[in-house]
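**Student:** One structure is given below, represented as structure tokens, and several questions about it will come after.
The values are calculated or read from the model by the stated rules, or taken from the named source; none is laboratory data. From a predicted model like this one, the values you see are computed outputs, not experimental measurements. With ideal geometry, Cβ positions are generated from the backbone for all residues, glycine too; neighbour counts draw on all protein chains shown.
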Amino acid sequence: MADVAPLTLGTAGHIDHGKTALIDALTGKNTDRLPEERSRGISIELGYAPLVLPSGRQLSVIDVPGHERFVRTMVAGASGIDVFLLCVAADDGVMPQTREHLAVLRQLGVSDGVVAITKADVGEPQLAAEEVAEHAPGVEIVAVSALQRTGLDELLGALERVAARLGGRAQRDDGRPTRLHVDRSFTLKGIGTVVTGTLWAGELAAGDAVTVLPRGVQARVRSVQVHDEGVERARAGQRVALNLVGPSWRELGRGDVVAHAGTTIEPTYLLDVAASLEAGAELLARGTRIHVHHGTREAPARVVPLEGAQLRGEQRSYAQLRLEAPLVAVEGDRLILRRLAPPDTIGGGIVIDPRPRKHGPDASVVERLAALERGDWVEPAPAADPAAESSEPESLDDLALRLAALLRSDGVRPRNDADLAQAAGLAPADVSARFAQLSGAGQAVRVARNLHFHPEPLAQLEAQVVAICQRDGEATIAGVRDEIGLSRKYAQAVLEHLDAEKVTVRRGDAHVLRRHRTAAT
């Protein structure tokens, strides 16, 4: 089966609907690798396993969490899949995360898959099948029981039929630049830095010189593995582990993109997209702040509709996304749009121009984007425009990069600015300028007078606080301190930052979600 195009299979479905148990029954591997996951019986992080079909064809499996608090992790996993396996429990039927996961798959353009009616031995599989057929019309449905090991052969047969009609990423993305979206970074004794992810396009081989975006960290590939097996070369559609020479594992992490050295791909703070909202989603006015998910990375952004005052539900229209942290996208990539509060999936988009100029709504802009989408636009020579706002961040010097690496490694408990500067070898007079560079490059967010966070752990904290507010109706300094494990100082700083960003509003000693926020104009 060496010449068969690699494919990645992703699970989907509500919490406790048996995704991980089913993958274990199919592959013999429990994808819950964390002690906390096994003790609590729920998936928190992405899990991985190889699945061999009856024909001998191997699929790479990404098992995603089903809890509403981990939808952003689900999106990071789903962004790299070709086929879905939706699990719906026979004793539960279609539930909220069933619907949200289907929305994510729909907006990512993943339309091929199989529905497994799990726990068929304890529920009403036929009733659940009839219900899910309304949400996923035309998708083959198979009743299974991981515990009793019934229906597994039928499920494998259904997956085989779906895989047989797909060409794989190597065919769909032929000619596109090589990209591996990183979901894990760690170190192994005697080996060094390892990153893992799904190879979206191209190939990677031992000896390749690579750059890790968005920061442009240079590295060399020492070795390549696919599902713990050494290979000479990895192809698009495979789950890949790269042993990199050069950077420390702490300099890299989820959301980074590995590309060949000299790639034409560049990080961007602006994206022109063709966007569509899910049925029932609120309209998005100019300036509405949302979360944009791309690959394994996410960034807050402001929406600028380009065909009217608002993005309208289910009407596909053009918009510009003005990002607060850089994304590494190319034309044709899919995006997921989610609200900050309450954090739910509201739509998606397709990247039309990954490096546009900053602009507002205009007939000529819409005409250009339509032509780009059709493939018949010829870009005129740029005219000098000193007033134009660039989407390029200020370049970072070595000391700023060192400061960024330290900030990133500190995660949710960064040192204060003065201690970070001292660790990076910065003179006190140079601290403010370097943090201004990092903020402009999306590598730092000022949260308090003498405290910056790296945007990725800050986004994780934001999602956790929002989840607490959803569950309890409010978040307090003491509650955030105890549940998330922050000190009182950091809990207070994060809550005050979310107030300033209009995610939450303070009421007495508590902070509650702003469910109806006035959009900027």
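**Student:** Could you say which residue among Ala370, Ala341 is farther than 18 Å from Leu102 by Cβ, assigned by TED's automatic domain parsing to the domain that holds Arg286, among the small types (Gly, Ala, Ser) and modelled with pLDDT of 90 or more?
**Tutor:** Exactly one residue qualifies, and that residue is Ala370.
**Student:** Return the only residue of Gly425, Gly411 being under 22 Å from the mean Cα position of the chain (by Cα), on the phi > 0 side of the Ramachandran plot and at pLDDT below 85.
**Tutor:** Of the residues listed, the single one that is under 22 Å from the mean Cα position of the chain (by Cα), on the phi > 0 side of the Ramachandran plot and at pLDDT below 85 is Gly411.
**Student:** Looking at the range 26-47 only, could you name the residues that are buried (at least 19 other Cβ atoms within 10 Å of the Cβ) and among the aliphatic types (A, V, I, L, M)?
**Tutor:** Those that are buried (at least 19 other Cβ atoms within 10 Å of the Cβ) and among the aliphatic types (A, V, I, L, M): Leu26, Leu46.
**Student:** I want to confirm something. Restricting to the range 438-455 and keeping residues that are within 22 Å of Arg514 (Cα to Cα) and crowded, with 18+ Cβ neighbours inside 10 Å, which single residue is nearest to the chain's Cα centre (by Cα)?
**Tutor:** The residue in question is Pro455.
**Student:** Quickly run through the range 426-436 and pick out the residues that are within 15 Å of Leu406 (Cα to Cα) and not in a loop (DSSP other than H, G, I, E, B).
**Tutor:** If the condition is that a residue be within 15 Å of Leu406 (Cα to Cα) and not in a loop (DSSP other than H, G, I, E, B), then Val431, Arg434, Phe435 are the ones that fit.
**Student:** What's the total number of residues in the range 328-375 that are outside any loop (DSSP other than H, G, I, E, B), of a type in the set (D, E, K, R) and closer than 18 Å to Arg312 by Cα?
**Tutor:** 2
**Student:** Checking Arg176 against (1) touching a strand residue (DSSP E or B) at 6+ places or on another chain (Cβ under 7 Å); (2) under 21 Å from Thr20 (Cα atoms); (3) assigned to a loop (DSSP other than H, G, I, E, B), which single condition isn't satisfied?
**Tutor:** Failed condition: (2).
**Student:** Restricting the first residue to the range 308-323 and requiring it to be more than 14 Å from Leu335 (Cβ to Cβ) and assigned by TED's automatic domain parsing to the domain that holds Val366, which pairs with a second residue that is in a strand (DSSP E or B) and among the polar types (S, T, N, Q) meet a Cβ separation below 6 Å and a spacing of at least six or different chains?
**Tutor:** Pairs that qualify, where the first residue is more than 14 Å from Leu335 (Cβ to Cβ) and assigned by TED's automatic domain parsing to the domain that holds Val366 and the partner is in a strand (DSSP E or B) and among the polar types (S, T, N, Q): there are none.
**Student:** Among the residues of the range 99-111, count how many are among the aliphatic types (A, V, I, L, M) and outside any helix (DSSP H, G or I).
**Tutor:** Selection size over the range 99-111: 1.
**Student:** Say we look at the range 274-303 and pick out the residues that are under 17 Å from the mean Cα position of the chain (by Cα) and either assigned by TED's automatic domain parsing to the domain that holds Gly216 or charged (D, E, K, R) (or both); which of these is surrounded by the most Cβ atoms within 10 Å (Cβ to Cβ)?
**Tutor:** Arg297
**Student:** Further question on the same structure: Of all residues in the range 16-65, which are without any contact (Cβ under 8 Å) to a residue 12 or more places away in the chain, on the phi < 0 side of the Ramachandran plot and small (Gly, Ala, Ser)?
**Tutor:** Ser39
**Student:** Turning to a different aspect of this structure: Among the strands (runs of 3 or more DSSP E) confined wholly to the range 1-98, which include 3 or more residues that are within 21 Å of Arg297 (Cα to Cα) and either of a type in the set (D, E, K, R) or touching a strand residue (DSSP E or B) at 6+ places or on another chain (Cβ under 8 Å) (or both)?
**Tutor:** Answer list for the range 1-98: 7-12, 58-63.
**Student:** Please determine, by comparing only the residues of the range 112-139 that are assigned to a strand (DSSP E or B) and small (Gly, Ala, Ser), which one is nearest to Leu337 (Cα to Cα).
**Tutor:** Per the criteria, the residue is Gly113.
**Student:** Given the conditions (1) part of a loop (DSSP other than H, G, I, E, B); (2) under 28 Å from Gly237 (Cα atoms), and given that Ser276 satisfies all but one, which numbered condition is not satisfied?
**Tutor:** (1)
**Student:** Here's something else I'd like to know. Which of the numbered conditions does Ala325 fail, given that it passes all the others? Conditions: (1) under 15 Å from the mean Cα position of the chain (by Cα); (2) part of a loop (DSSP other than H, G, I, E, B).
**Tutor:** So the condition that Ala325 fails would be (2).
**Student:** Here's a follow-up. Being within 28 Å of Val231 (Cα to Cα), among the acidic types (Asp, Glu), surrounded by fewer than 20 Cβ atoms within 10 Å (Cβ to Cβ) and under 24 Å from the mean Cα position of the chain (by Cα), is that true of even one residue in the range 157-166?
**Tutor:** No, because not a single residue in the range 157-166 is within 28 Å of Val231 (Cα to Cα), among the acidic types (Asp, Glu), surrounded by fewer than 20 Cβ atoms within 10 Å (Cβ to Cβ) and under 24 Å from the mean Cα position of the chain (by Cα).
**Student:** Okay, next question. Tell me yes or no: at least one residue of the range 113-128 is crowded, with 23+ Cβ neighbours inside 10 Å, under 13 Å from Gly18 (Cα atoms) and of a type outside the set (A, V, I, L, M).
**Tutor:** Checking the range 113-128: at least one residue is crowded, with 23+ Cβ neighbours inside 10 Å, under 13 Å from Gly18 (Cα atoms) and of a type outside the set (A, V, I, L, M).
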